[in-house]
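Since the structure comes first, as structure tokens, the remarks are kept for the end.
We did not get these values from a lab; they are worked out from the coordinates using the rules stated. Here the structure is a predicted model, which means the values were calculated and not measured. Neighbour counts are summed over all protein chains in view; Cβ atoms, including those assigned to glycine, are modelled from backbone coordinates with ideal geometry.
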Amino acid sequence: MKQLFIAFIVLTLGLLAYSTYQGLVVAPTEQTMGDVQRIFYYHVPSAWTAGVCFFVNFLASVVYLWKRNTASDAVAAASAEVGVMFCTIVLITGPIWARPVWGIWWTWDARLTTTLVLWLIYVSYLMLRRFSAGGQTQVLAAALAIFGFVDVPIVYMSIRWFRTQHPSPVMGGGENSGLNPAMLHAFFWNLLSFTCVGIVLMALRYRLQRLEEEVEAAHAAVALQGGAR
């Protein structure tokens, strides 16, 4: 199993290098926006990966409330941390892209606002897990995670439901939507590589979470033995 995971990490690094080459070199320059449009190949895959992580967090939280097992709680914690990281990338790359194209760093349109709310929800989730000392911390965190995931489809559908600063959907947006085939090729390679990076990071963070739980359990056992004496 360890060898397979190492092989997957090597494959992920190769995919990341190839997808970066596709986005920065192979993909043609967009006629209107120029080279700044290349942020698209990293901005959108980051948003996708954040959504995948939050979906994993949602499923793990449901399982935890159902079975109360520590493994699903560890999956929830790991996926939330990685999801917040990718969501932070989205919130950073978005304004960098927007400034030369829209002439502004930020505007309170539906897509931007709901994404910021999503980030705040999951940062709150992580803070609850980190600083709450009550016995019901995991239960409260799971409930917050399930509530927070409601915002994920809202973020995705916001440019379809509301008039926003964001353009209409590039793919699946109806007539005249779509990407140049070379751009689409580069986009899907980056989507794949970012998803693999997310999987690797979640797996590593899950393992670290389990090790932390083992250390805490060992410390508690030693303290209990010392108190018994």
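Some observations on this one:
- Our coupling estimate for the range 193-208, obtained by passing each phi through the Karplus curve with A = 6.51, B = -1.76, C = 1.60 and θ = phi - 60°, is 5, 5, 4, 5, 4, x, 5, 4, 5, 5, 5, 5, 5, 4, 4, 5 Hz, Gly and Pro reported as x.
- C-alpha long axis of helix 137-149 to longest principal axis of the chain, angle in °: 20 degrees
- Calculated semi-axes √(5λ) of the Cα gyration tensor in Å (choose from (i) 29, 20, 16; (ii) 27, 20, 17; (iii) 38, 22, 14), label: (iii)
- Within the range 1-74, the trypsin sites (Lys or Arg not before Pro) that combine a DSSP coil assignment with at most 15 other C-beta atoms in a 10 angstrom radius are Arg68.
- Our helix-only sum for the chain, with -39,500 (n - 2.57) per DSSP H run of n ≥ 4 divided by its residues, gives a mean residue ellipticity at 222 nm of -27000 deg cm²/dmol.
- 3J(HN,Hα) along the range 50-59, derived from phi through the Karplus expression 6.51 cos²θ - 1.76 cosθ + 1.60 where θ = phi - 60°, amounts to 4, x, 4, 4, 5, 5, 4, 4, 4, 4 Hz, with x in place of Gly and Pro.
- Fewest-first ranking of His43, His185, His166, using other Cβ atoms within 10 Å as the exposure measure: His185, His166, His43
- Taking Cα atoms only, the orientation of helix 151-161 departs from the longest principal axis of the chain by about 20 degrees.
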